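Single-structure report; data block below.
Computed from the coordinates by the stated procedures, all read-outs in this text should not be read as laboratory data. The model shown is predicted, which means the values in this text are computed figures rather than measured ones. Don't worry about glycine lacking a Cβ; one is built from the backbone with ideal geometry, like all the others, and counts go over all protein chains shown.
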Amino acid sequence: MKRLNFLLSLTTASNDFQTEQARAAEESAIRANVDLKILFADNDSINQSQQLIAAVHEAPASRPDGILFEPVSATALPHVARGAVAAGMGWVVLNSEI
């Protein structure tokens, strides 16, 4: 069986809460026996969008099975979400206001 692969996109590495989220996610990935790649958007919504679009367009064998992200901006990047779902990827928004 294929080992699951996930991408976590967080807003910035210069925030204690965000770095703690990354650490907790890494520990959870180890316990769940899944691969996890973490990206930080440097508080730039365009950068975050480009990072996620690139992940959606990776070759099927290397693209993540799911994307979890905390949006930098007030949108949940619906155009990227549609692309991810169309590619068979899961899409999770980590934000209570979206």
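So here's what we get for this one:
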read-out	value
Note, ³J(HN,Hα) from phi for region 65-80, Karplus 6.51, -1.76, 1.60, rounded to Hz, x at Gly and Pro	6, x, 10, 10, 8, 9, x, 6, 9, 7, 9, 9, 6, x, 5, 6
Charge dipole of the chain about the Cα centre (unit charges at C-beta), most positive-ward option of Ala29, Met89, Phe40	Met89
Percent RCO, i.e. relative contact order, over the chain, from Cα pairs under 8 Å lying at least 6 residues apart	32
Integer Hz, Karplus 6.51/-1.76/1.60 couplings in order for region 15-22, x for Gly and Pro	10, 4, 5, 5, 5, 5, 4, 4
